[in-house]
Structure formats: C-alpha cells, structure tokens
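See below for the structure under consideration.
The values are calculated or read from the model by the stated rules, or taken from the named source; none is laboratory data. Remember, predicted model here, so these are calculated numbers, not experimental data. Note that each Cβ is placed from the backbone with ideal geometry, even for glycine, and that neighbours are counted across all protein chains shown. Ligands, DNA and RNA are stripped out before the accessible areas are found, and what is left, the full protein with its side chains, is counted by its heavy atoms. Shrake-Rupley method; radii C 1.70, N 1.55, O 1.52, S 1.80 Å.
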Amino acid sequence: MEFPKQPGVLKFRSFYHIIVCAILFILVVNIRWRILYDFCFLITDCDQVLLWDAANDMHKGIFHEPCFYGQSYNPLVEPLFAQPFILLGMPLRYAMPLVSWIFGFIPYLLFAWAFIRQKKYISLAFTFAYLLWLPLEFHAIDSMPRGYVPACAFASIGIYFAMFTNRNSRFFWFGFLSIIAITVSQNCVFLIVPAGIYLWLYNIKNLKFYLHVIAGLLVALPLPLYIYWFYSTHPANIVHLIEYTFGFDTFKDTISEIQVYFNFLTPDVKNKLLVITLGYVLFAVACFAKRNVKAGIAILAGLAMLFFSFWFDKVEDGTDSLFFSSVRIFLGVPLALILFCYWTESSFKIKSYKGTLQFLVLTFLLVAGIICSSERNRYFQAKLYKPSSDTDVVSGKRVDSVVGYCNHLKVLCNDNHSSLVILENLQVAANYMCPALNYPFETLRPSYERRTWDMKQEDTTTRSNFIYFPLYPDSFLMALPSRLDFRQTKDPKGFLINTHGQKVFAILKELKVVIRTH
C-alpha cells in the first residue's frame, strides 16, 4: 500500500525523513562527544603518549622520523594535524585526542552528507543507526590517537570525490588518496577494494578513468617510497618490526579466534563473523535481485578481501583489550557496509519503495537507534574503561595518574640534582609522557626505547648521576656490586646512582641491564 500522492502527505513524508535522520544524528553526536570528553580526554595508553611526544617535537620544529617512533609504518599524521591546536595553546592531552576523534568521525559525516545530497534517506538513517548499534569500545578505538585512524578518513574523501562529485579530477583524487590512506594504515583496504572495483566496473571503457587514477597513484608514491628509503637507511630506528606471515594455518587460527579479533566490531553476539558476512551477502543479493550486477560484484569482492585478510598474521596482532584490539585493523568494514547500503538503495526504483515500505524502514531504524543509544549510555557509566595491567601489550592509564607520576619524578630529580630517569619498571606511559609535557628531565627505557636519537645521544653524554627504576627492585639490590656508589629512593623504589665520570650505559651494562642495539 502506497501513501496517497497528495501534497500534504508528500510534505509529511519529507518532514518525517528529516526528523528521523536528525534524531539519529543527534544521538550519534551525543555518543561520539561523550567518547571524546569522558574517555579520550581522560584515558591514554603507552602508545598514545608516544604520539604526544612526536607532536611536541614537531611543535619545536624537530622531525626525527616519518612514522610512529620506533617502527616503519603509520606515518605521523595526527601529530602533524594537531599543530594548529597546539599553536592555539591547547594542551596535548586535548589536542591529540581531538584530532583523532575528528579523523574517526569524518568518513561517516562525509558519507552522510553525500546521502543527503542524493536524497538517500534510508542510507542516511542506516549510517547513524549502525553507529549507534556498534559497541562503545568501537567508537573509542576509532577515536584514539594511535596512528591508524586517519587512513579511513583519507580513503573516504577519495571515494566521496570519485562517487559523489562531477569534478574532472575526481578519479585523480581517488587514486592519490587511496595510496596515502594505505600508506597510513591498511585498515582502509576493506573500503578501498570494493569501492575501486565498483568504480572500475562503471568506467571500464573510460580512458580518463585509467589516466587520472594512475596519475593520482604516481603523485602519491613519493610518500611510501620516502618511508621505505628512510628506514632502509636508518634500520636502527626500527624497534617494532612488522613481518607478515601468510598461509592457510594463519587463516585457520584466525577463524578459530575470530570472536576475539572481531570483539568490538559488533555487539556481543554468538558469531560475530556470521553477522558481518550476512551483511555483505544480503546487500549483494539485493543488488543482484535489482540487476545492479556491478554493485553486487563489488560487494562480493569486498567480502573476498575480508576473508583474504585472515591469511595474514597481522589480523592476529591484538587481544581482547580495548587498547590493543584487532578491531583497529577492520575499521574500514563498517564504512564499507554503509557504502553497500547506498548502492542497494540506489538499485531500487524510487516508486517501488518510497511509500509505506520506506516509512517502515525508517521507523525501524529510528526505534532501533533509540534503543541502542539508551543501552550505550547506560553501559558508558559502568563498563567502558577497565584499568589494564602494566604487563599488557598496550596498557591503558588515566592521564591524571601518569601526570602525577611525572610530577613525582620531577620532585625526585630536583631533590637529587638529577636530569635522567631510567624506567624499566613498566611505566612506559610515563617514559614518553614526561618529555612530551616538557618536564625538566629526560627519560629512557634502554631495553625497548623507541627514540633511537635519545639512545645515541646518551652514548656521548656524561652525567654526574641518574635515577634507575628496575622491574624488581629487591632482586636488583641484592645483585648490586659493593663498589657501586648509590642510594635508594622510596615510593617508588629506585636507585640514585652516581657515575663518577662513567657513561650511563656503561654502568647499566655492568649491572647486566639490557640495552637495545642502536
């Protein structure tokens, strides 16, 4: 049954579309803002503060290396884009999360704007309802300054130009931004692959498409080539080496543990992979049913890309922790599903669904969005942040707690006229936060220090003393040689060691402290 085609009903229907989408949008903004204000501004981790350090260096005009300190991937995008906020006087604890939060939200806002222009209200409502359906942990992961978030933002901008504008340069920007995005993080391939195949199928005989895309790829190539050159000529800067393992055994392992790797990619359901796969399949079937074969093929190609990724062990690089979740690798999947919804809606003729069916779909999305929003807000209060252990791969900390620790180290250094603190006691966040916040002393973690330049500088620096915090103070005390000139510090237990002209690393080597090659 269709709505009667009368002006009053048509106006009501248009008004209803707007109201539904506006309500869902407000609910999404509420969730995303709370994630920023009540989580990202208050909680950090040992990886995030390393980007704080990079942002602080950039603010001083210092550029040590192109990527996340200590590794050859994840270029320093967020520290670069944080500079305007830092110049305006915004503290790092707010500037860095704000930039990542913006990058994480851009793809959804951009697609939403495209759907508004195309008057695809089901796709618009689905975008917001889907975001409300996703767990709060997903929104937190999608807002953390960790180096991987900007990739999907760059990819979505390229797709927006290619699919939703008529500019002559639209395919150039798709090629250019796709390379930039993949260089930043490969989590965007789940969006770029189906979008690229879709564009290729619709432009298979268009010579300009090939020329412009190739031109964009070539213009963007200097970035990944420079990164490759830099770390090939500075191998000591690579502390965290990424080595992909590919094989069927990896695929089987991934499938067997997929609930962990997809932990925050859907709400708590029994089979998360099945839910995601059904989303791909249903959109593909709908496109094929409406003879939009090209869109259907592109969606299936996206599904193939998802399963192909399971053959790489990088997918297994995560735990069930919010701060080290494999979901960061799959951030492009929700965006791909939103794009598939748009292709599906575009496959249907306007007259076939704009009446009662459209009204029912929008109403369902509205009700589902309100229920999910209510659940997310209740969950937020009690369960989102769970303190992690210092032994976790990436440990979460309250910003104020780490600042308090840095303040305590400052007092110790001032009282003992010391300018170097060696932290081997798993206080990794403090190791990078203290210098990022310009505390008047230096910190090092020699066994796994990501700032190679600081390690090299220490080789040629002579100090009168330094403060050392070992992992096991009591055991360390028992093994100390009697000739060592030291005294103990309290709260936390540590050692003020006088050097008598020796280099710090020379003393640490005598004490059998691990010092990485640099």
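Side notes on the structure shown:
- For beta carbons closer than 6 Å, sequence separation of 6+ or different chains, a first residue in segment 383-407 that is at pLDDT 75 or above and a second that is part of a helix (DSSP H, G or I) and open to solvent by 40 Å² or more (accessible area, probe 1.4 Å), the qualifying pairs are 399/93.
- Flag for residue 306 being farther than 21 Å from residue 331 by Cβ and part of a helix (DSSP H, G or I): no
- Residue 351 satisfies every condition listed in (1) closer than 21 Å to residue 115 by Cβ; (2) at pLDDT 90 or above; (3) not β-branched (Val, Ile, Thr) except (2).
- Test: residue in segment 169-181 that is at pLDDT 95 or above, under 14 Å from the mean Cα position of the chain (by Cα) and crowded, with 24+ Cβ neighbours inside 10 Å: yes
- Restricting segment 292-325 to residues that are more than 24 Å from residue 396 (Cα to Cα) and of a type in the set (Gly, Ala, Ser), the residue that is nearest to the chain's Cα centre (by Cα) is 309.
- Cβ-Cβ under 7 Å pairs, at least 6 apart or on other chains, segment 202-228 side touching a residue at least 60 places away in the same chain (Cβ under 8 Å), far side of a type in the set (S, T, N, Q) and not in a helix (DSSP H, G or I): 227/72
- Tally, over segment 290-311, of residues that are of a type outside the set (S, T, N, Q), crowded, with 16+ Cβ neighbours inside 10 Å and either more than 14 Å from residue 347 (Cα to Cα) or free of Cβ contacts under 8 Å to residues at least 60 places away in the same chain (or both): 10
- Each residue in segment 189-220 was checked for being among the hydroxyl-bearing types (Ser, Thr, Tyr), closer than 16 Å to residue 292 by Cα and open to solvent by 50 Å² or more (accessible area, probe 1.4 Å), and 1 pass.
- Candidates 112, 153, 125, filtered to the one that is among the hydrophobic types (A, V, I, L, M, F, W, C), open to solvent by less than 10 Å² (accessible area, probe 1.4 Å) and under 27 Å from residue 324 (Cα atoms): 153
- Of the residues making up segment 315-325, those that are crowded, with 19+ Cβ neighbours inside 10 Å and either out of contact with any strand residue (DSSP E or B) (no Cβ under 8 Å at 6 or more places or on another chain) or without any contact (Cβ under 8 Å) to a residue 12 or more places away in the chain (or both) are 315, 324.
- Selected residue [touching a residue at least 40 places away in the same chain (Cβ under 8 Å), within 26 Å of residue 268 (Cβ to Cβ) and open to solvent by 10 Å² or more (accessible area, probe 1.4 Å)] from 160, 130: 130
- Condition met for residue 81 (in contact with a Phe, Trp or Tyr (Cβ under 9 Å, 6 or more places away or on another chain), over 30 Å from residue 21 (Cα atoms) and open to solvent by 60 Å² or more (accessible area, probe 1.4 Å)): yes
- Of all the residues in segment 196-228, those that are within 26 Å of the chain's Cα centre (by Cα) and not in a helix (DSSP H, G or I) number 1.
- Test: residue 11 is modelled with pLDDT under 95, open to solvent by 60 Å² or more (accessible area, probe 1.4 Å), among the basic types (Lys, Arg) and not in a helix (DSSP H, G or I): no
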